[in-house]
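Read the structure below first, then the notes.
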Amino acid sequence: MLGGQETYTTGYRQVEQYMPGKVTWQSLLTTNRYIAYQVTASASGNRSKIYMWIRRRGTPTSTLTVELCANDTDKPGTVLKSATVTTSTITDTISQLYEFAFTAQAVTISTVYWIKIYTSAADSTTNYWQVGTDAADTNNLTKISSDGTTWGACTYDLYFRMVDDTIQLGGLFFYYKSQLYFVTVPNAA
């Protein structure tokens, strides 16, 4: 059964995101082995998860790593938090919006950070990781690197969603006066 494309909104929780319209897959190989997106914090608070569209092709031997980095003169700087995934974690080649979770990291409103994704080693053209991107390059905030130190401009933008550390305990859909509503049950902590 076909359904509509998921849509992620803002205003409900602290979140920075650039989420899909049309997904174009970018292979994390050679000059695109490191991809980073410049993001400005929308509010002060903690962040604990980064979601990215990823998929594997074949069986990559490398570890896929996502990092939240400080800004270093218009490129990724000091690593603040990181999370990894391997082919033992993602056993299917179907794409997924994967959750990279880490312990809470405080961010400050209007401060620039970088979300970086890369592989631990060079993979082959038959066994590699891919990440979802926007080929339209509407934001022009993504940079690429072959070695993680020298960064250059690229022709696409990286899709991601970075969220706060709020724990939701569930929710309930209900109709009221012919309108559909959703109520959440936030953590009591």
Return the total of residues in region 84-95 being touching a Phe, Trp or Tyr at 6+ places or on another chain (Cβ under 7 Å) and either modelled with pLDDT of 90 or more or under 17 Å from residue 145 (Cβ atoms) (or both).
1
Residues located in region 133-179, provided they are of a type in the set (A, V, I, L, M), under 24 Å from residue 43 (Cβ atoms) and without any contact (Cβ under 8 Å) to a residue 60 or more places away in the chain
167, 169
Residues of region 38-91 satisfying the condition of being of a type in the set (Lys, Arg) and more than 16 Å from residue 107 (Cβ to Cβ):
55, 56, 57, 75
Odd one out for residue 43, checked against (1) open to solvent by less than 60 Å² (accessible area, probe 1.4 Å); (2) touching a residue at least 60 places away in the same chain (Cβ under 8 Å); (3) within 25 Å of residue 154 (Cβ to Cβ):
(3)
Filter result for the condition that a residue is over 21 Å from residue 148 (Cα atoms) and basic (Lys, Arg), over 116, 49, 81:
49
Sort through 87, 78, 138 and tell me the only one that's assigned to a loop (DSSP other than H, G, I, E, B), open to solvent by 40 Å² or more (accessible area, probe 1.4 Å) and hydroxyl-bearing (Ser, Thr, Tyr).
138
Which one of the conditions (1) assigned to a strand (DSSP E or B); (2) over 19 Å from residue 15 (Cβ atoms) does residue 102 fail to meet, given that it meets all the rest?
(2)
Residue 30, sole failed condition from (1) modelled with pLDDT under 95; (2) open to solvent by 30 Å² or more (accessible area, probe 1.4 Å); (3) closer than 22 Å to residue 72 by Cα
(3)
Just wondering, is there one or more residues in region 64-74 that are more than 21 Å from residue 147 (Cβ to Cβ), among the β-branched types (Val, Ile, Thr) and modelled with pLDDT of 95 or more?
no
Only one of these conditions is not met by residue 116: (1) surrounded by 15 or more Cβ atoms within 10 Å (Cβ to Cβ); (2) over 23 Å from residue 32 (Cα atoms). Which number is it?
(2)
Limited to region 90-99, what total is found for residues that are open to solvent by less than 50 Å² (accessible area, probe 1.4 Å) and not in a loop (DSSP other than H, G, I, E, B)?
2
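The values are calculated or read from the model by the stated rules, or taken from the named source; none is laboratory data. This structure is a prediction, so every number in the text was calculated from the model and none was measured. Quick reminder, even Gly has a Cβ in these numbers, built from the backbone with ideal geometry, and neighbours come from all protein chains shown. SASA here: full protein model, heavy atoms, side chains in, ligands and nucleic acids out. Shrake-Rupley method; radii C 1.70, N 1.55, O 1.52, S 1.80 Å.
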